[in-house]
Amino acid sequence: MDVSVARDFWMVLEPIHAVTYFSPECLDGTKEIGLKGFWMGYFGSRGAPLGPVPAGVVEASFFGFHPSRVRRAIPDAWSFASPADILRTRSANAAKALRRVAPEIEAVAPEAIPPLRTVADAADSAGRVLFAANRDLALPEDPVEALWQLATTLREHRGDGHVAALTSAGLNGLEANVLASAMGVVPTDRVRDSRGWSNENWTEGAAALETRGLLDENGVTDKGRTLRTEIERRTDALAAPPYLALDAPETVRELLRPFARALAEAGEIPFPNPIGVPRPE
C-alpha cells in the first residue's frame, strides 16, 4: 500500500478543518456563546465531541500542550457553554467561513461527502479517541457543515495516530514539540508559546533530547532526523488503510484541493502555523 495517500489527503483536509482555529467567524462564534478567550474557545470547541470531560482527558488526547494551558480553560468551559451548543456553533461558523472564502464549495460538498463518509466508516477507531468522538456525531444536514465535519473527523484520525507514533518513539508532548521545531517544521517561538511551554521547559526538553542523541549543540542530529522521518512515515502508515475503501482516492483529493489552496491564498490559515501543516501546493 502506498501510504502517501494519507499525507496527500491531510494536505487538503487540514486547511478545510483549520478554519475553526483561525477564521473570524469561528473565533467570534465561540465568544458569542460565552467561551472566554482564544484558548477556552480552542479547547472547548475541539474537545466538545468528547463531552464535558475533565482537563486530564483533554491533556492526554490533544497532546503537546502544557497542562496549565489546558487547565485554565477546562473544565471551566463547560460552565459557560454546553458541548452540544459548542458543536452546533463550531460547524455552522466553519461553514460560513468556507462559503465566504470559497463559494464554489457549495456545489462540490454534496459530491465530496459520500466518499469521505466511506473513508470515515472504514477506519478503525481503536485507540483513536478524538476520531471516535467526532465520527459518532450526527452529520449536519447542511452539506458544507457536513463536509467540514468529515474533514475534521479524518484529520483527528490522523492526529490520533500521530500521537501514537510519537509516544511509541518515547517522546512526550514537550519533547515532540522541541524536535519538530529543531527540524524547522514550526518556528520555535510560535510552537513554544502557543503550546504554553516556558523557556525553562523548552531548555529541559532540549536537554532530554540531547541525552538521547537527537539534538546536539548544532541542532538536530542525523539520529534525530531519522527518528522524526520515521515518525512521519509511521503516521502516514497508520492513517492510510481506510483510504483503500475508495476506488479512486485521487479523484476525491483533487476535488478538494482548490479549497485548500483558496484558504491558503486568502490568508485564512497562517504559514508557518503551530499545527505544522505546510502551504498547499
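Structural remarks
- Checking S82, S68 one by one, the residue that is over 21 Å from L137 (Cβ atoms) and open to solvent by less than 50 Å² (accessible area, probe 1.4 Å) is S68 and no other.
- Residue under evaluation V53, criteria (1) of a type in the set (A, V, I, L, M, F, W, C); (2) part of a helix (DSSP H, G or I); (3) free of Cβ contacts under 8 Å to residues at least 24 places away in the same chain, criterion not met: (2)
- Against the test of being open to solvent by 60 Å² or more (accessible area, probe 1.4 Å), modelled with pLDDT of 85 or more and under 19 Å from V119 (Cβ atoms), the options L238, L244, L256 yield a single qualifying residue, L244.
- Scanning the stretch 80-105 for residues that are part of a helix (DSSP H, G or I) and of a type in the set (A, V, I, L, M) gives A84, I86, L87, A92, A94, A95, A97, L98, V101, I105.
- Any hit, the stretch 112-124, residues being in a helix (DSSP H, G or I) and of a type in the set (S, T, N, Q): yes
- The one condition in (1) polar (S, T, N, Q); (2) open to solvent by less than 40 Å² (accessible area, probe 1.4 Å); (3) farther than 23 Å from L27 by Cβ that S194 fails to fulfil: (3)
- Looking only at the stretch 9-42, and only at residues there that are part of a loop (DSSP other than H, G, I, E, B) and either basic (K, R) or more than 17 Å from D85 (Cα to Cα) (or both), the one that is least open to solvent (accessible area, probe 1.4 Å): S23
- Of residues in the stretch 125-154 being under 18 Å from the mean Cα position of the chain (by Cα) and open to solvent by 50 Å² or more (accessible area, probe 1.4 Å), the one nearest to P15 (Cα to Cα): R135
- Residue among A48, A73 that is aliphatic (A, V, I, L, M) and in a loop (DSSP other than H, G, I, E, B): A73
- Residues that are in contact (Cβ under 8 Å) with a residue 40 or more places away in the chain, open to solvent by 30 Å² or more (accessible area, probe 1.4 Å) and over 30 Å from V178 (Cβ atoms), drawn from the stretch 262-281: A266
- Any hit, the stretch 103-118, residues being open to solvent by 40 Å² or more (accessible area, probe 1.4 Å) and closer than 16 Å to C26 by Cβ: no
- Considering residues of the stretch 161-205 that are of a type in the set (D, E, K, R), without any contact (Cβ under 8 Å) to a residue 60 or more places away in the chain and in contact with a helix residue (DSSP H, G or I) (Cβ under 7 Å, 6 or more places away or on another chain) only, the residue farthest from V70 (Cα to Cα): E175
The values are calculated or read from the model by the stated rules, or taken from the named source; none is laboratory data. Here the structure is a predicted model, which means the values were calculated and not measured. Heads up, the Cβs are rebuilt from the backbone with ideal geometry, glycines too, and the neighbour counts pull from every protein chain shown. Only protein heavy atoms, including side chains, enter the accessible area calculation; ligands, DNA and RNA are left aside. Shrake-Rupley method; radii C 1.70, N 1.55, O 1.52, S 1.80 Å.
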